[in-house]
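Structure record follows, encoded as structure tokens.
Just so it is clear, none of the values below were taken in a lab; they were calculated from the coordinates. Only a predicted model underlies this, so the values are computations on that prediction, with no experimental measurement involved. In this analysis, Cβ positions are derived from the backbone assuming ideal geometry, glycine residues included, and neighbour counts consider all displayed protein chains.
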Amino acid sequence: MKIAELSEKLMGMSPEVWERHANKWSGWSRVASLPLIALAVWSRIYIGVWAVVPLALALLWLWINPRLFPAPEDTDNWMTKGVFGERVWLNRQECPIPRHHIRAGFILNGLSGLAALPYLYGLIWLDAWATVFGTITIMLTKLWFLDRMVWLYDDMRHQNPDYAAWMKENPSLG
């Protein structure tokens with residue numbers, strides 16, 4: 001099982017949870033997760049072993065976040081389409097996607113994985129520069145990956161009616 005699929009399974013990402021996670025507020029508030037985890041780990045300097053409490057809270061946030069917000073009424077925004085694209089990406093075995101999206105996705109995920117090395121080093125050895133560099137690089141590659149997922153979703157929703165059905169227009173606009 002691949003890391004993304006394992007993560008999805010561990011997170012309990014049912015279709016209902018994915019729909020709620022498509023709320024732009026879920027996506028944008030989740031961007032803060034990596035720095036929260038870093039702060040939680042670094043808190044061991046001040047609170048010692050009690051740092052497991054903020055770390056547990058940060059990890060709990062990762063699990064609660066996709067469930068916290070209601071399903072969006074309007075899905076025509078960048079973050080929501082990025083979340084839709086992630087679903088398409090994870091479903092690429094059942095519904096093949098264009099090769100250029102696969103290549104870009106693997107490159108960006110690879111870069112993010114490489115950036116995890118200084119991030120983890122910084123967390124373990126309390127190296128601020130490594131932690132900040134890793135955090136920024138992971139976040140930039142994740143946002144770039146998300147931008148590619150918007151592109152992927154826009155391409156695939158025209159080919160797959162199930163994907164197209166995820167789009168909802170704002171009722172006040174229409």
Exercise. Which whole-number percentage describes the relative contact order of region 44-145, with Cα contacts under 8 Å and a sequence gap of 6 or more?
Worked result: 18
For this session: Please provide three numbers in whole Å: the alpha-carbon extents of region 3-164 along the principal axes, with the largest listed first.
Result: 53, 32, 25
Problem set entry | Listed residue (Leu59, Trp18, Trp144) projecting farthest to the positive dipole end of the chain, Cβ model | Leu59
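According to the Kirkwood expression over distinct Cα-Cα pairs, how big is the hydrodynamic radius of region 1-79, in Å?
It is 13.8 Å.
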For this session: Compute the separation of the alpha-carbon centres of region 118-151 and region 11-75 and state it in Å as a whole number.
Result: 16
Problem set entry | Listed residue (Met167, Gly27, Val49) projecting farthest to the positive dipole end of the chain, Cβ model | Val49
Exercise. Can you name the helices of the chain, as whole DSSP H runs, whose Cα span along the helix axis is 20 Å or more and whose Kyte-Doolittle mean is not below 0.0?
Worked result: 52-68, 99-125, 128-156
Exercise. Mind checking the dipole of the chain: about its Cα centre, +1 per Lys or Arg Cβ, -1 per Asp or Glu Cβ, Debye to the nearest 20?
Worked result: 380
Seminar exercise, completed: The lysines whose Cα lies under 22 Å from the Cα of Lys81, excluding any fewer than 8 residues away in the same chain, are Lys9, Lys24, Lys142, Lys168
For this session: Pick out, from Ala38, Ser7, Ala128, the residue whose Cα sits farthest towards the positive end of the charge dipole of the chain, with +1 on the Cβ of Lys and Arg and -1 on the Cβ of Asp and Glu.
Result: Ala128
